[in-house]
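Asks: Handing you a structure now.
The values are calculated or read from the model by the stated rules, or taken from the named source; none is laboratory data. All figures in this text were calculated on a predicted structure; none of them were measured in a lab. Cβ atoms come from the backbone with ideal geometry, glycine included; neighbour counts cover every protein chain shown. Protein only, heavy atoms only, side chains kept; ligands, DNA and RNA dropped before computing areas. Shrake-Rupley method; radii C 1.70, N 1.55, O 1.52, S 1.80 Å.
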Amino acid sequence: MERKLKGKGLDVDVQLDRINKGVIRCDNIITQLLDFSRTRQLNCQPADLDQWLLQVLDEEAKKLPAAITITCDLGLEAQQVPFDPSRLQRAIVNLITNASEALVGQGDDSSKFARPDPNITVSTRLRDGGAVVTVADNGPGIPPEVLARIREPLFTTKSFGTGLGVPAIENIATQHGGRLDISSIPGQGAVFTLWLPLVTPRREDGEAAA
């Protein structure tokens, strides 16, 4: 419809934009449901996590509202980390999307921005025998009562939220043999930290995941 009606002067741009946003919202809901419910074995292979992350962030940055800047501070220095690219990408995309929404909502009304300089910082480090990926924003932060329940499936403060975003991210981290840490100070943003082991996670039968 958008393609065929473009330039026809029918004044339906607002309606088409609403349809597009609805489709994206439905797609996000389905993706979060799948991320949360998937239990298939991961396909973890050692790779340069920093280099992979740069590619993912470059692709994701193009989808974010123009007002948001992404700052990278990658310090793994070509460390090989075993991970499943498709599953870990879902976790990273979820973290970036959540941070973006906290900062600027849909990004179409600057008066509703949490800050005039919305920024997402993605950093990596070696710590505690594993690789750490941190996604931090300079937004409004998470209220203590929300932070206490943010890992609960179906808990959400969004009018169109599923409450499965954070549980899905945590599920992906756990499948990698890692964990998700969350911290926030109201008024100073939120910090989500993925810790991943430097060895391939093992299945319950004791064999390394394929």
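Asks: Return the residue satisfying two criteria in turn: it lies in the range 62-84 and is surrounded by 16 or more Cβ atoms within 10 Å (Cβ to Cβ) and within 14 Å of the chain's Cα centre (by Cα), and of such residues it is nearest to LEU164 (Cα to Cα).
Replies: LEU64
Asks: I'd like the full set of residues that are over 20 Å from HIS176 (Cβ atoms), in contact with a helix residue (DSSP H, G or I) (Cβ under 7 Å, 6 or more places away or on another chain) and surrounded by 20 or more Cβ atoms within 10 Å (Cβ to Cβ), limited to the range 128-149.
Replies: Answer for the range 128-149, where residues must be over 20 Å from HIS176 (Cβ atoms), in contact with a helix residue (DSSP H, G or I) (Cβ under 7 Å, 6 or more places away or on another chain) and surrounded by 20 or more Cβ atoms within 10 Å (Cβ to Cβ): ASP137, GLY139.
This table checks each residue for (1) of a type in the set (A, V, I, L, M); (2) more than 30 Å from SER110 (Cβ to Cβ); (3) in contact with a helix residue (DSSP H, G or I) (Cβ under 6 Å, 6 or more places away or on another chain); (4) not in a loop (DSSP other than H, G, I, E, B).
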position	(1), (2), (3), (4)
ASN43	no, yes, no, no
GLN51	no, yes, no, yes
LEU54	yes, no, no, yes
LEU57	yes, no, no, yes
GLU60	no, no, yes, yes
LYS63	no, no, no, no
ALA67	yes, no, yes, no
CYS72	no, no, no, yes
GLU77	no, yes, no, no
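Asks: For the range 85-113, which positions are open to solvent by 50 Å² or more (accessible area, probe 1.4 Å), free of Cβ contacts under 8 Å to residues at least 60 places away in the same chain and more than 19 Å from PRO46 (Cβ to Cβ)?
Replies: GLU101, ASP108, ASP109, SER110, SER111, LYS112
Asks: So, ARG125, is that one at negative phi, surrounded by 14 or more Cβ atoms within 10 Å (Cβ to Cβ) and touching a helix residue (DSSP H, G or I) at 6+ places or on another chain (Cβ under 9 Å) or not?
Replies: no
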